[in-house]
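Structure record follows, encoded as structure tokens.
The values are calculated or read from the model by the stated rules, or taken from the named source; none is laboratory data. In this text, all values refer to a predicted model and were calculated from it rather than measured experimentally. Cβ sites come from the backbone with ideal geometry, for glycine too, and all protein chains shown count toward neighbours.
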Amino acid sequence: MTDEYRQLPIKNHLIGALRSDVRNAHARAWQRLARPGEWWTGQERIAIAAEARQATRCSLCACRKKSPSPYAVEGTHDTVAALPASAIEAVHRIRTDPGRLTHSWFSNLIEDGLAEEQYVELVAVIATVVAIDTLYLTLGITPSPLPSAEPGQPSRYRPNARRTDAWVSWLMPEDASEREAFVFPPGRPPANIRRAMSLVPREVAGFFDLVEAQYLPGSAMRDFSREYRSITHAQIELVAARVSAINRCEY
């Protein structure tokens, strides 16, 4: 449990109070996490998830977070997983200090051997774990144990993505094959949030499966004729905007 939540009372009985669609989405997320991905094995994906949790207890990350520049603090990360050093650095910085990541930092990871496809899948795993854990910790619920990894090798499937102004290659709507058609739902603009992980299409599907349960389905986001949750559209967006500001999310 992270320091900021350490003093919260444990209310594990609230798990049953979560909507069934949220609980089901979490179950699917853990299943996806345990399976081999496109670029990481199931064991590696679970290791990334474990390291994402560990990063909040890392003394180096804590010192860097307090420093005017994270690059002014040298040291070694406190780790729990056997991952390449470039992956450990990526997980810890993305988890603890995402607002100060730079393109040169990313380029160094690539030079150190982390493929851009691996980076995108790594981001997706972290996003999944953080989304679920944060909800549980905010409610005072003990985070679920990580699932056991499933055997198998990554598929190494790469869509026809190309270089743009982004740090990583993106799949463009006109280049999507039938296999990736789900990345860009018909009738909606090809938002950057969908393009961001499109180098690993399966992670786009997984991420938005979680989004639709914890936030809103795409069709409901712009339907202001009715309210789909116990709080209004305006209240949802106020919370989202505040959280984004705190996390220095420029999107």
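Below is a table of values for the structure above.
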| read-out | value |
| --- | --- |
| Enumeration of residues in the range 191-235 that are part of a loop (DSSP other than H, G, I, E, B) and among the hydrophobic types (A, V, I, L, M, F, W, C) | 191, 196, 197, 199, 200, 216, 224, 231 |
| Enumeration of residues in the range 39-54 that are farther than 21 Å from residue 140 by Cβ and either of a type in the set (Lys, Arg) or touching a helix residue (DSSP H, G or I) at 6+ places or on another chain (Cβ under 6 Å) (or both) | 39, 40, 42, 45, 48, 49, 51 |
| All helices (runs of 4 or more DSSP H) inside the range 74-166 with 1 or more residues being under 23 Å from residue 176 (Cα atoms), in contact with a helix residue (DSSP H, G or I) (Cβ under 7 Å, 6 or more places away or on another chain) and not polar (S, T, N, Q) | 116-138 |
| Search result, residues across the range 88-119 that are free of Cβ contacts under 8 Å to residues at least 40 places away in the same chain, surrounded by fewer than 18 Cβ atoms within 10 Å (Cβ to Cβ) and under 21 Å from residue 159 (Cα atoms) | 110, 113 |
| Enumeration of residues in the range 63-73 that are part of a helix (DSSP H, G or I) and small (Gly, Ala, Ser) | 72 |
| Evaluation of residue 133 against (1) of a type in the set (D, E, K, R); (2) out of contact with any Lys or Arg (no Cβ under 9 Å at 6 or more places or on another chain); (3) at pLDDT 90 or above (one fails), failing number | (2) |
| Residues of the range 37-51 classified as of a type in the set (Gly, Ala, Ser), in a helix (DSSP H, G or I) and closer than 15 Å to residue 118 by Cβ, total | 3 |
| The range 199-251: number of residues that are surrounded by 11 or more Cβ atoms within 10 Å (Cβ to Cβ), small (Gly, Ala, Ser) and free of Cβ contacts under 8 Å to residues at least 12 places away in the same chain | 4 |
| Residue match in the range 60-70 (condition: modelled with pLDDT of 95 or more, farther than 23 Å from residue 137 by Cα, of a type in the set (Lys, Arg) and surrounded by 19 or more Cβ atoms within 10 Å (Cβ to Cβ)) | yes |
| Boolean, residue 209 is among the charged types (D, E, K, R), touching a helix residue (DSSP H, G or I) at 6+ places or on another chain (Cβ under 7 Å) and either modelled with pLDDT under 90 or under 20 Å from residue 37 (Cα atoms) (or both) | yes |
| Subset tally (residues that are in a loop (DSSP other than H, G, I, E, B) and surrounded by 12 or more Cβ atoms within 10 Å (Cβ to Cβ)) for the range 174-190 | 5 |
| Inter-residue pairs, beta-carbon under 8 Å, first charged (D, E, K, R) and in the range 167-190, second not in a loop (DSSP other than H, G, I, E, B), 6+ apart | 175/162; 179/201; 180/201; 188/218 |
